[in-house]
Amino acid sequence: MTTTMIEATNIVKVLGEGPARVEALKSINLSLVGGELTLLMGPSGSGKTTLLSVLGCMLSPTGGTVEIRGRSTTGLDAEELAALRRDNVGFVFQSYHLFPTLTAAENVRLALDVRGGCSRMARIKAEKALATVGLSHKARAFPRELSGGEQQRVAVARAIVGDASVILADEPTAALDSENGHAVMMMLAEIAKDPTRALFIVTHDPRIMPFADRILRIEDGRIVSDQRGGGRTSPLRALKYAS
Amino acid sequence: MTLILTLASRNLFHDRVRLIATAVGIVFSIVLVTVQLGVFLSFERMVTTMIDHAHADFWIVPSETKSFEDSSLLSGRERLQALSVNGVKAAVPAVVGYASWRKPNGGASTPVLVVGTPENSAGLQPWNLVEGNLRDLSLPEGVAVDRSYFDELGITKIGEHAEIDNQKARVVAASSGIRSFTTMPNVFTSLERARAYLGVPPNEANYFMVRLAPNADAAAVRGELVAHLSDAEVLTSEEFRHRTRQFWLFDTGAGAALLGSAILGVIVGTIIVAQTLYSSTKDHLKEFATLRAIGSSQIYILKVILSQALLSAVIGFSVAACIDLMLVRATADAALPIVMTPELTLGLFVLTLAMCAIAAVSAIRVVTRIDPVAVFAQ
Ligand SMILES: Nc1ncnc2c1ncn2[C@@H]1O[C@H](COP(=O)(O)OP(=O)(O)OP(=O)(O)O)[C@@H](O)[C@H]1O
Ligand SMILES: [Mg+2]
C-alpha cells in the first residue's frame, strides 16, 4: 500500500508583475507517494524550481491547492507554512547551503533544533543520519574541510534527520563531478526505498534517470509527460552512472 | 543545548574584525557614559557635602536661596524669632562666602569659600581633622583647611600664616578629604572671624541652623517657624540638598552637559553596534534564508540575532568594566573622582544590553523580510 505524501491540484503560479509577469505553472496536478523517487526534468525556465517551491510550501500557489499528508496548505500564513516545512519537508539544494560555522553534525542537528525539543535525542538522531550517508567520521568537520560530495551528503543527512515525509531536491548533483554525483544519487535512491518518504528531484542531468521510479517532464509550466516504472526496474539502473 | 547560541557566537567570532569593531563601539560608549555619569554622581554627592555634614533639623535661609554656596544675608532677627518658637533648642548662625586668599610671603592670591560657625557649636565644623583640633579654631586668626589644598594655598604645614581679604589668617588645623567641587578650597573658621573676612555686619548671617529640642514635633515647629519668618524660608536638610543639587547640576548646565555627553555616547555606541550587526546579518543572509527554508520560525531567527547582540554586549561590557575600574582608581584623589556604585554598574550593564538589543532592530528588520525561496537563487 502506498501513502500519498503530497497532493497538488490545479496549481497555478504567477510570478512577477506588469511586463515581467510570468505564469510559471499552469494547472499542474500531481501526487507524490511514499517509497517513490520522482524526477522532474525540463528545459531551463520551464518552472521546475517554482513547482518544487510550491510543493515544499515555500511559495503559495496563485491558484489550486497543495495538501501535505492530507493537510491543506491553503490560507496558511508564513509561520504556519514554516512549521509545516520543519515537520514534513526535507530540502537538498544545488549549492548545499550548509552553515559554514557549524560542524557537519551541528548542521544536521539544526533541522531538529528548529523544532525545539530534546537536544540529546537530536544529537543521537544526527549521528544516525550522518552514519546513513556514510560520514560518521566527519561529524566534527566544518563544511570547508569537506569535499563537495561530502557536503551534499551532509545536506542529505540534514534533510532526512527529521523523518520528513517529503524530500525535495533541486539539482542536487549539478555542482558535483560524476563520481560524487553518483554517490549522492545512490544515497537518495536508498532513502527512497523507505515507504514513509517521497523523493522529488529536479534535475537537468540525464545520468540520474536510472535511479528514478517515475519521471515527469515539464515544459512551459505544464507537465507534458509522466512515466512510471522506467527507472529502478529497468536494466538501465545497472549501468554505471558516469557515461 | 540549542544551537541558537552556537550559531550566534560562531557568527560573532567568525569575523574577528567586525567583533573588534563591535567591542570598540560598546567600550567607547560605555566608558564615556561611565565617566559622565560617574562624574555626575560624584558632583551630585559633592555639592551637598556641607549640608550633609551640618547638624541641622531645619535651615533658615534667605528667600530665594539657590545653593549653599550662594545666598544673601539674614538680618539676625530670624534667630531670635526662631528661638521664641516652642521646641527650638538652638539656632546656630553660619556665614558663608567667597574671599581672596593671599599666599604667605607675598604670593599670588586665590579665591576660597569661607565657612564660619560659632566655635564649639556643633553646627557645621570641619570634619576628618588630621592635624590640630576644633578648639584651635578659637585661637586668634585660626582657620582650618584641607591638607589636599596646601599646595594651592601656598601652605607647607600648619601654623603658617596667610591673608584673607587683607586680614591675617593662620592655619591651625588640617582636615583630610574635604574636597570642594569647585576649584575653590573651603576655609573653616569661627563665626566672628568669618564675618570679619567677608565683611558681614554683627548678628547677620547667611543661615541659621535650627536644632530641635528632644521630643519636639518637627512639623509643628516648622509650621510655627514659617508663620514667624516672612523674609526667610525654612528648609529641611533634604530640601536644601535638593535645591543645591538642582542649582549646580541643572541651573548651571553642568549636569545637563554631563548627561548630554552620556546620551551622545549611548547614541554613537548604538549606531556602531547597529552597523556591525547589520552588516554581519547581511553577510549571513543566505544562512538565515536556509534556516527559514528548513522551517525555522521567525522567533528562532530573532533569537539568533538577539543572542549575537547580547553576546556582543557581554563582551563589550566586560572590557568596558575593566577600563572603568582603572579610571575609578586613577581618579580616586582627583577633585571630581569618578564614582562607581553597584547600582550604576548594574545600570550600565542593563544599558549595554538595551543598547545592543536596540542596535539589533535594523538587523532584525532585514531577516524578517527574508524569503525562503532566496535559497534557490544561485
Ligand atoms: N521572482 C520571479 N519573478 C518573475 N519571474 C520569475 C521569478 N522567478 C522565476 N521567474 C520566471 O519563472 C519561470 C520559471 O522559473 P523557474 O526558476 O521555476 O525555472 P526552472 O525550470 O527552475 O529553470 P532552471 O532550469 O534554469 O533552474 C522562468 O521563466 C523564470 O524566468
Ligand atoms: Mg531551477
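Here are A:ALA155, A:ALA183, A:ALA141, A:ALA159: which of them is assigned to a helix (DSSP H, G or I) and more than 26 Å from B:ALA374 (Cβ to Cβ)?
That would be A:ALA183, the only listed residue that is assigned to a helix (DSSP H, G or I) and more than 26 Å from B:ALA374 (Cβ to Cβ).
Looking only at strands (runs of 3 or more DSSP E) that fall completely inside region B:161-237, which ones have 3 or more residues that are in the same structural domain as B:GLY87 (by TED's automatic domain parsing) and open to solvent by 50 Å² or more (accessible area, probe 1.4 Å)?
Output list reads B:167-175.
Restricting attention to region A:33-50, does a residue exist that is facing chain B (nearest Cβ under 8 Å) and among the hydrophobic types (A, V, I, L, M, F, W, C)?
The answer is no; no qualifying residue exists.
State yes or no: is A:GLY90 of a type in the set (Gly, Ala, Ser) and part of a strand (DSSP E or B)?
Yes.
Residues checked against (1) at the interface with chain A (Cβ under 10 Å from one of its Cβ atoms); (2) more than 16 Å from ligand 2 (Cβ to nearest atom); (3) of a type outside the set (Gly, Ala, Ser):
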site: B:VAL273; (1), (2), (3): no, yes, yes
site: B:HIS284; (1), (2), (3): yes, yes, yes
site: B:ALA320; (1), (2), (3): no, yes, no
site: B:ILE323; (1), (2), (3): no, yes, yes
site: B:VAL328; (1), (2), (3): no, yes, yes
site: B:VAL361; (1), (2), (3): no, yes, yes
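Answer with yes or no whether B:ALA377 is surrounded by fewer than 24 Cβ atoms within 10 Å (Cβ to Cβ), modelled with pLDDT under 90 and away from chain A (no Cβ under 14 Å).
It is false that B:ALA377 is surrounded by fewer than 24 Cβ atoms within 10 Å (Cβ to Cβ), modelled with pLDDT under 90 and away from chain A (no Cβ under 14 Å).
Could you please let me know if A:ALA175 is in a loop (DSSP other than H, G, I, E, B), farther than 13 Å from A:GLY34 by Cα and touching a residue at least 40 places away in the same chain (Cβ under 8 Å)?
Criteria met by A:ALA175.
Would you check if there is a residue in region A:67-76 being open to solvent by 30 Å² or more (accessible area, probe 1.4 Å), within 16 Å of ligand 1 (Cβ to nearest atom), within 14 Å of chain B (Cβ to nearest Cβ) and without any contact (Cβ under 8 Å) to a residue 24 or more places away in the chain?
no
Just give me the residues in region A:163-192 being over 19 Å from A:LEU130 (Cβ atoms), charged (D, E, K, R) and away from ligand 1 (no atom under 16 Å from the Cβ), in sequence order.
Matches in region A:163-192: A:ASP177, A:GLU179.
Just the residues that are within 16 Å of ligand 1 (Cβ to nearest atom) and either within 19 Å of B:THR270 (Cβ to Cβ) or not in a helix (DSSP H, G or I) (or both), please, taken from region B:320-378.
B:ARG369, B:ILE370, B:ASP371, B:ALA377, B:GLN378
Restricting to region A:43-66, what's the tally of residues that are closer than 11 Å to A:ASP170 by Cβ and open to solvent by 10 Å² or more (accessible area, probe 1.4 Å)?
4
With the structure loaded, tell me whether A:LEU52 is away from ligand 2 (no atom under 16 Å from the Cβ), within 13 Å of the chain's Cα centre (by Cα) and on the phi < 0 side of the Ramachandran plot or whether it fails that test.
Against the criterion (away from ligand 2 (no atom under 16 Å from the Cβ), within 13 Å of the chain's Cα centre (by Cα) and on the phi < 0 side of the Ramachandran plot), A:LEU52 does not qualify.
Return yes when A:ALA139 is within 19 Å of B:MET1 (Cβ to Cβ), open to solvent by less than 50 Å² (accessible area, probe 1.4 Å), away from chain B (no Cβ under 14 Å) and more than 16 Å from ligand 1 (Cβ to nearest atom) and no when it is not.
Judged against the criteria, A:ALA139 is a match.
Look at B:ARG10 and say whether it is part of a helix (DSSP H, G or I), within 14 Å of another protein chain (Cβ to nearest Cβ) and either more than 30 Å from the chain's Cα centre (by Cα) or among the acidic types (Asp, Glu) (or both).
yes
Which of (1) free of Cβ contacts under 8 Å to residues at least 12 places away in the same chain; (2) away from chain A (no Cβ under 14 Å) does B:GLY265 not meet, given it meets every other one?
The failed condition is (1).
Applying the selection to region B:43-79, what residues are outside any strand (DSSP E or B), of a type in the set (S, T, N, Q) and modelled with pLDDT of 85 or more?
Of everything in region B:43-79, those that are outside any strand (DSSP E or B), of a type in the set (S, T, N, Q) and modelled with pLDDT of 85 or more turn out to be B:THR48, B:THR49, B:SER63, B:THR65, B:SER72, B:SER75.
What residue, of A:PRO19, A:PRO61, is away from ligand 2 (no atom under 16 Å from the Cβ) and part of a loop (DSSP other than H, G, I, E, B)?
When all the criteria are applied, what remains is A:PRO61.
Right, A:LEU15: surrounded by fewer than 21 Cβ atoms within 10 Å (Cβ to Cβ), within 12 Å of another protein chain (Cβ to nearest Cβ) and within 12 Å of ligand 1 (Cβ to nearest atom) or not?
Here the answer is yes, as A:LEU15 does meet what is asked.
Answer with yes or no whether A:GLY149 is at pLDDT below 95 and within 13 Å of another protein chain (Cβ to nearest Cβ).
no
Among the residues of region B:344-361, write down those that are within 30 Å of A:ARG85 (Cβ to Cβ) and either surrounded by fewer than 16 Cβ atoms within 10 Å (Cβ to Cβ) or free of Cβ contacts under 8 Å to residues at least 60 places away in the same chain (or both).
Within region B:344-361, B:ALA357, B:VAL361 qualify.
Could you check A:LEU59 against (1) more than 11 Å from ligand 1 (Cβ to nearest atom); (2) touching a Ser or Thr at 6+ places or on another chain (Cβ under 7 Å) and say which number it fails?
Among (1) more than 11 Å from ligand 1 (Cβ to nearest atom); (2) touching a Ser or Thr at 6+ places or on another chain (Cβ under 7 Å), the lone unmet condition for A:LEU59 is (1).
Give region B:133-159 a look and list any residue that's part of a loop (DSSP other than H, G, I, E, B) and open to solvent by 40 Å² or more (accessible area, probe 1.4 Å), or say none.
Correct list: B:ASN133, B:LEU139, B:PRO140, B:GLU141, B:THR156, B:LYS157, B:ILE158.
Against the condition within 11 Å of chain B (Cβ to nearest Cβ) and hydroxyl-bearing (Ser, Thr, Tyr), how does A:SER119 come out, does it pass?
yes
Say we look at region A:33-49 and pick out the residues that are away from ligand 2 (no atom under 16 Å from the Cβ) and part of a loop (DSSP other than H, G, I, E, B); which of these is farthest from A:GLU80 (Cα to Cα)?
Checked region A:33-49; the qualifying residue farthest from A:GLU80 (Cα to Cα) is A:GLY35.
The values are calculated or read from the model by the stated rules, or taken from the named source; none is laboratory data. On a predicted model such as this, the values are computed, not experimentally measured, just so you know. Counting neighbours? That spans all protein chains shown, and the Cβs are built from the backbone with ideal geometry, glycine included. Just so you know, the surface numbers come from the protein's heavy atoms only, side chains and all, with ligands and any DNA or RNA stripped out. Shrake-Rupley method; radii C 1.70, N 1.55, O 1.52, S 1.80 Å.
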